[in-house]
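This report refers to the structure that appears directly beneath it.
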Amino acid sequence: MIRRILFHGLLAMALLLTGIATASGQGDFATTDTNGPPPTPLPTGLILIPGAVARSSDSRTPLPETGRIVRSVYRNAYFGLSYTLPEEWIQEFSGPPPSDTGQYVLAEISPSKSFKGPSRGSILITAQDLFFSLGPGQTAAEIIQDSAEHLPSFYKLESGPADLDIANHRVTRYDYASPAAGLHWRVLATEVRCHSVQFVLTSADPGLLDAMVEGVKHSEFLAEPTPGRGGGEVPVCIPHYAVPANIEYKVEPVMTTRKADSMPVRIIIGKSGKVEHVHVISAFAEQATIITDALLQWRFKPYLVNGEPVAVETGLVFGFDRKRAAAKKSAHLD
């Protein structure tokens, strides 16, 4: 996850520099014809080629991607997360839409222009849906362990992984650094509703990082009777629940076009077995509508806890299942 974020950041910078060079008459795409008409500017405020997006069957049910910063506090109702930003830190840009492997950029936080601290840094809050994760780890702690064990050679592990408690949640932390760049990272992750929620803290100043970690320690998370798995006022999250043995009735979504290969979906099944909520995490608009209309007609056997029916949250994939394909490839290599 961290390496991918760094790669995309460098790629964005390279594209930015290319655009500057082109605009100034330099680079491979520069024109030497100064007598022709000026280029027509692209329209603003429009998405020229619509991409895959997330879609929900209703606007009342909280989603992972609908967290907001209000009065310097990041709040996310889906995860029950409340995090107070450091003083004079802001979110300047919103993150991208969820990926087709269930990865979310919840918030990107950095010092404002008025920040007077001796050093700067960044706070990245992410979530990985464990139903669709492609990595070997099946829990937040396992993902952190695997990441720490497979750091590239140009990074140096400083400490961890180690566990601590924050708001009655088990949080796994590890620290690493880039000696060449002079940067340090603190990574803290916990599991909420079958998601790995991570805080990735970056700075050249270890003292500033220590203060940032203390801020994370004062966060609040969803109170779950079964840690990481929900229960109580939120659905119990269960992987692989949407299987033939549990389905009493279903309508297959019939796609009229093929644009997105992998379309992960989370659904909430009520106590009666009826699908009450559909969250298409990544698909094109037409596909999302077809999937949602079909799933709202599905019926499941009620899930019982101590003999009483409870609401269930589970996931399924339409189209190409990347996680299943990755598991088959790994088994073949072994």
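The values are calculated or read from the model by the stated rules, or taken from the named source; none is laboratory data. No experiment lies behind these values; they were computed from the predicted model shown. FYI the Cβ positions are ideal-geometry reconstructions off the backbone, even for glycines, and counts take in every protein chain you see. Quick note on the areas: whole protein, heavy atoms, side chains included, nothing else; ligands and nucleic acids left out. Shrake-Rupley method; radii C 1.70, N 1.55, O 1.52, S 1.80 Å.
Table for the structure above
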| item | result |
| --- | --- |
| Residue in region 78-98 that is farthest from Ala52 (Cα to Cα), counting only those that are open to solvent by 30 Å² or more (accessible area, probe 1.4 Å) and assigned to a strand (DSSP E or B) | Thr84 |
| Sole residue being free of Cβ contacts under 8 Å to residues at least 12 places away in the same chain and either open to solvent by less than 20 Å² (accessible area, probe 1.4 Å) or not aliphatic (A, V, I, L, M) (or both), chosen from Thr226, Thr289, Thr314, Thr257 | Thr226 |
| Qualifying position, being open to solvent by 50 Å² or more (accessible area, probe 1.4 Å) and within 19 Å of Thr126 (Cα to Cα), among Glu220, Glu252 | Glu220 |
| Any hit, region 206-217, residues being open to solvent by 30 Å² or more (accessible area, probe 1.4 Å), of a type in the set (Lys, Arg) and either over 22 Å from Thr66 (Cα atoms) or modelled with pLDDT under 95 (or both) | yes |
| Test result for Ser59, without any contact (Cβ under 8 Å) to a residue 40 or more places away in the chain, among the polar types (S, T, N, Q) and over 19 Å from Phe131 (Cβ atoms) | yes |
| Single unsatisfied condition, Asp163 versus (1) open to solvent by less than 40 Å² (accessible area, probe 1.4 Å); (2) in contact with a helix residue (DSSP H, G or I) (Cβ under 8 Å, 6 or more places away or on another chain) | (1) |
| Cβ pairs under 8 Å, 6+ apart, first in region 297-308 and more than 16 Å from Gly230 (Cβ to Cβ) and open to solvent by 80 Å² or more (accessible area, probe 1.4 Å), second polar (S, T, N, Q) and not in a loop (DSSP other than H, G, I, E, B) | Lys301/Asn246 |
